[in-house]
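Since the structure comes first, as structure tokens, the remarks are kept for the end.
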Amino acid sequence: MKIAVIGTGNVGVAFAADLSIKGHEVTLLKTSSYKSDAFDRLIKNGKRVFLKEKSTYIETAIKEVSKDLSKVAEAEVIFCTIQSNFYEGLVERIHQYLHNDQIVVCISSYASSFYFEKHCRKLPMLVEATGPYLEGRVELDDKPNEVVFRVGYRHEVIPVACFSNHDTCMEKLYRISKGFIGKYCVLESALLNPNMVLHTIGSIMSIPRIEYSKGNFCMYREAYARGNDSTINLLMRLDEEKMKVLKNLGFFKTSVFEAGGFNMSDPIESLHRYSESSDRAISPTSVHSRYITEDVSEGLVLMESIALHIGLELPVTSSLITLASVALGIDFRKTGRTIQRLGIINEIDMLHECR
């Protein structure tokens with residue numbers, strides 16, 4: 001299958017490598033002008049990349065690595081792996097190359113698929129995924145001058161929400177991975193992004209530690225360490241607010257642990273074990289990382305705007321947004337994602353009235 005992967009971060013490189021190994025014709029596309037050592041090495045090395053899983057290396061070559069976004073026109077399936085802050089700008093750049101027969105999968109995008117509906121004359125089939133099916137890190141020091149993606153975890157189940165053409169979308173996605181299951185609707189998928197809860201609590205509550213350590217900080221290992229009961233209390237309260245919004249839109253009250261694939265027989269213990277894993281990376285290294293600038297502005301602000309519109313108060317959510325805004329000197333309520341900016345007020349009204 002011809003597949004385009006947009007974004008050359010961890011998820012983009014992971015998808016491009018894994019799908020190339022599986023025999024697909026993959027085009028990996030870089031969207032920004034920022035320097036990327038991984039992208040530069042791929043170009044220099046003839047698009048060679050290594051997937052490292054359980055200490056075993058598999059070498060493959062990505063069919064094409066480019067900055068030419070017009071190449072999305074040739075793809076049957078497009079995976080968008082960029083930060084959700086930049087989605088509308090991306091859609092404005094690629095909409096003229098998209099067509100009705102394509103599937104566009106938005107990964108952890110906080111309902112960014114609505115931007116395609118807003119800008120595209122020929123609307124592709126849209127899918128929202130709550131997260132990637134591969135977790136891990138691009139490592140540039142593993143093999144000299146090579147790009148290695150080290151797999152930390154391979155999800156067996158990847159819940160997705162199809163905008164339309166459910167059967168066609170799922171048939172093609174199933175050919176890519178048998179783990180894709182059509183489980184949620186688009187807004188439900190956005191609110192179930194585990195990063196909105198895990199990243200925001202862990203990073204905002206650790207701002208002094210991040211700055212004091214000059215970025216030598218591992219959020220999962222430190223913020224969610226055993227004995228950090230106060231952090232877990234905050235996490236649980238934020239998750240309760242999220243589930244209250246879900247309930248008032250007519251969705252199931254799915255916890256962050258269930259959405260994140262943790263062991264539901266003892267979810268807190270499962271989170272601790274995940275946090276203690278050697279695969280957890282040093283991150284975030286700055287208070288201006290996506291853990292705050294994306295997951296607050298695109299996640300919490302969106303959830304707060306939904307709640308305000310349907311008459312709910314979310315004290316923990318609102319407090320976190322205010323704390324992050326003051327700490328970073330950015331008014332996330334002005335710059336972030338709201339139902340007004342997404343153009344989905346009618347959708348929210350319909351869900352709330354029909355719950």
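Just a few scattered comments:
- Whole-percent P(r), the chain, all Cα pairs, 20 Å bins from 0: 30, 61, 9.
- Per DSSP, loop trypsin sites (Lys or Arg not before Pro) in region 192-295 with at most 10 further Cβ within 10 Å: LYS214
- Expressed to the nearest 5 percent, the antiparallel share of DSSP beta bridges inside the chain is 35 percent.
- Using equal-weight Cα scatterers in the Debye expression, the normalised intensity of region 8-75 in log10 at q = 0.15, 0.17, 0.28 Å⁻¹ is -0.45, -0.57, -1.43.
- Paramagnetic reach from LYS63 in region 20-46 [backbone N under 15 Å; point 7 Å along Cα→Cβ]: 20-29
- Local net charge near HIS119, Cβ-Cβ under 9 Å (Lys/Arg +1, Asp/Glu -1): -1
- For region 2-189, the calculated P(r), taken from all Cα-Cα distances in 10 Å bins from zero up to the bin holding the longest distance, is 10, 40, 37, 13, 1 percent.
- Length gained when the stretch LEU323-THR285 is fully extended (0.36 nm per residue, less Cα-Cα span): 11.8 nm
- Candidates GLN340, GLN83, GLN102, ranked by Gaussian network fluctuation over the chain, Cα under 10 Å, top entry: GLN340
- Across all directions, the shadow cast by the convex hull of region 193-354 built on its C-alpha atoms averages 9.4 square nanometres.
- Span-like helix ranges in the chain, DSSP H, alpha carbon extent 18 angstrom or more, Kyte mean at least -0.5: 315-328
- Principal semi-axes in Å for region 271-355 [√(5λ), Cα gyration tensor, largest first]: 28, 17, 12
- Spin-label zone in region 213-252 - amide nitrogen under 14 Å from a point set 7 Å from the Cα of ASP266 along the C-beta vector: 226-227
- Among the trypsin sites (Lys or Arg not before Pro) in region 27-132, those placed in a DSSP loop whose Cβ has at most 11 other Cβ atoms within 10 Å are LYS35, LYS54, ARG121.
- Pairs exceeding a 27 Å alpha-carbon distance, out of LYS63/LYS178; LYS54/LYS242; LYS44/LYS122; LYS47/LYS71; LYS22/LYS71: LYS54/LYS242; LYS44/LYS122.
- In straight-distance terms, cross-link reach from LYS172 covers every one of the aspartates and glutamates whose alpha-carbon lies under 18 Å from its own, apart from those fewer than eight places away in the same chain; here that gives ASP18, GLU25, GLU74, GLU76, ASP101, GLU128, GLU156.
- Per-residue extension of 0.36 nm, minus the Cα-Cα distance of SER277 and GLU92, leaves a gain of 62.6 nm for this segment.
- Evaluated at q = 0.21 Å⁻¹: base-10 log I(q)/I(0), Debye formula over Cα of region 130-188: -0.81
- For region 78-147, a Kirkwood radius taken over Cα pairs fed into Stokes-Einstein (10 °C, viscosity 1.306 mPa s) yields D = 119 µm²/s.
Here, each number is a calculation from the coordinates, and none is a lab measurement. Values in this document were obtained by computation on a predicted structure and should not be read as measured data. Cβ sites come from the backbone with ideal geometry, for glycine too, and all protein chains shown count toward neighbours.
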